[in-house]
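Trainee: I have a structure I would like to understand better, so I am pasting it below and will then ask my questions one at a time.
A short reminder: the numbers here are calculations on the coordinates, not readings from a lab. Note that this is a predicted model, so its numbers are computed, not measured. Neighbour counts run over all protein chains shown; Cβ positions are idealised from the backbone, glycine included.
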Amino acid sequence: MRLAHCRFRQERRRLSTGSGVPGRVRTLRRSKRFDCRQRNQPHGCRCFGEKLRRMDHPVHETAHQSRLRTVGRSGEYRIRYSRQVRRARAFATRNKKMTTRRSATERPRIVGVIASRADLELAVRMRKPPDLFELRLDCLTAIANQLESKLPRLRAPLIITARHPQEGGANKLSIRQRRDLLIRFLKYASYIDFELRSASALRSLLTLAEKKKVRRIISFHNFKSTPHPRILAAKTRAARTYGANIFKVATRTDTPMELGRLLDFITNKRVDLPIAAMGIGKLGAISRVLLARAGSALVYASIIAATDVEGQLSLEQLRALGVGK
């Protein structure tokens with residue numbers, strides 16, 4: 001009985017000291033200026049205890065300490081040191097860079113393809129040209145001498161290309177013939193485009209283009225199917241190692257699955273490089289619109305209504321669909 005009475009007296013003495021609030025809580029109450037007598041507490045908190053429970057950190061932590069959940073120890077409180085904060089911010093920045101894509105509100109650039117004499121004549125007379133023109137030198141070898149007098153009259157920057165025969169190139173040009181054409185017209189170009197398979201053989205041309213501040217488009221064409229997005233991502237990384245500014249990919253899209261692969265590649269890419277993607281085939285036309293809205297940097301269109309490329313829309317059709325200016 002005497003023991004119980006002593007414990008009761010000790011407990012009453014402890015509660016009477018500091019108004020029943022432990023020392024560390026009293027310190028916190030003074031630092032935060034809590035007043036249990038106030039009746040106009042924020043967020044509907046009408047007492048010190050309720051306000052204390054609604055704080056975003058526990059009593060024994062300060063405001064800069066965070067509650068982190070670790071594997072196997074959920075709900076544990078620990079301090080984040082400055083080096084951990086710096087590391088987390090660096091990791092977040094790196095992830096942001098790796099998933100960089102063209103903003104959904106940013107308009108893709110339209111490329112008008114010049115692949116014939118009629119295309120060239122119409123392009124020169126255009127009052128409302130596209131953002132860029134692509135000059136298919138492999139298709140224009142017969143009028144190469146006339147090109148030099150016409151090109152300065154174009155009202156948009158120029159992409160020059162001479163396609164590899166296995167990727168849609170005309171006239172079965174050798175690597176040497178293609179190199180000579182590209183070097184000859186490099187002075188008119190803002191961009192130069194050649195295939196990933198030709199990058200090693202044309203490495204000297206890459207260096208020359210970089211010296212002349214001509215941007216590089218490295219491309220890949222598959223007229224049979226659309227490879228898996230992992231394969232396309234590997235080709236994108238290879239293009240970047242050659243100094244590409246844009247990676248262009250054109251694949252066959254006859255089925256929804258093939259179109260889905262191309263959409264998955266451009267929307268979930270993990271390489272910090274602008275992508276120009278387009279489909280060829282039965283779903284080629286709709287792919288141009290969908291991929292433009294999904295983030296394709298470039299959208300290619302024929303200058304005249306008739307075109308030999310299956311699925312390619314004309315410049316007027318793209319504009320009517322709201323793609324480009």
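Trainee: In a shell of Cβ-Cβ distance under 14 Å around residue 133, excluding residue 133 itself, what net charge do Lys and Arg (+1) and Asp and Glu (-1) give?
Mentor: Summing Lys and Arg as +1 and Asp and Glu as -1 gives +2.
Trainee: Would you please give the residues with an amide H less than 5 Å from that of residue 248, counting only those at least 5 places away or on a separate chain, with H modeled from the backbone geometry?
Mentor: The list, which skips near neighbours in sequence, is 218, 219, 220, 276.
Trainee: Please list, in chain and number order, the residues 5+ apart from residue 282 or on another chain whose amide H is under 5 Å from its amide H, with Hs placed from the backbone.
Mentor: Under 5 Å from the amide H of residue 282 lie the amide H atoms of 253, 254, each far enough along the sequence or on another chain.
Trainee: Net charge around residue 237, counting only other residues with Cβ within less than 12 Å of its Cβ (Lys, Arg = +1; Asp, Glu = -1)?
Mentor: +4
Trainee: Which whole number of Å³ per residue matches the convex hull of the alpha-carbon atoms in the stretch 200-288?
Mentor: 93 Å³
Trainee: Go through 286, 218, 320 and say which Cα lies farthest out towards the positive end of the charge dipole of the stretch 218-325; charges sit on Cβ, +1 for Lys and Arg, -1 for Asp and Glu.
Mentor: Looking along the dipole axis, the top candidate is 218.
Trainee: Continuing with this model, one more query. Rounded to whole Hz and in sequence order, give me ³J(HN,Hα) for the stretch 251-258 from the Karplus expression 6.51 cos²θ - 1.76 cosθ + 1.60, θ = phi - 60°, writing x for Gly and Pro.
Mentor: The phi angles translate into 9, 6, 10, 8, 10, x, 5, 5 Hz.
Trainee: For a quick check: sort 300, 242, 191 by the number of other beta carbons within 10 angstrom, fewest at the front.
Mentor: Neighbour counts put them in this order, fewest first: 242, 191, 300.
Trainee: Could I ask something else about it? Which ³J(HN,Hα) values in Hz, rounded to whole numbers, follow from the phi angles of the stretch 240-247 under the Karplus curve 6.51 cos²θ - 1.76 cosθ + 1.60, where θ = phi - 60° and Gly and Pro get x?
Mentor: Along the stretch 240-247, the couplings run 5, 5, 8, x, 5, 8, 9, 10 Hz.
Trainee: Could you work out how much longer the chain between residue 106 and residue 153 gets when fully extended? Use 0.36 nm per residue separation minus the Cα distance between them, nm to one decimal.
Mentor: Contour length minus Cα-Cα distance gives 14.1 nm.
Trainee: Using amide H atoms built 1.01 Å from N in the peptide plane, name the residues 5+ places from residue 226, or on other chains, whose amide H lies under 5 Å from its own.
Mentor: Those lying under 5 Å, H to H, from residue 226 are 252.
Trainee: Please list 3J(HN,Hα) in residue order for the stretch 280-291, calculated via the Karplus relation 6.51 cos²θ - 1.76 cosθ + 1.60 where θ = phi - 60°; whole Hz, with x for glycine and proline.
Mentor: Values, residue by residue: 10, x, 4, 9, x, 5, 5, 5, 4, 6, 5, 5 Hz.
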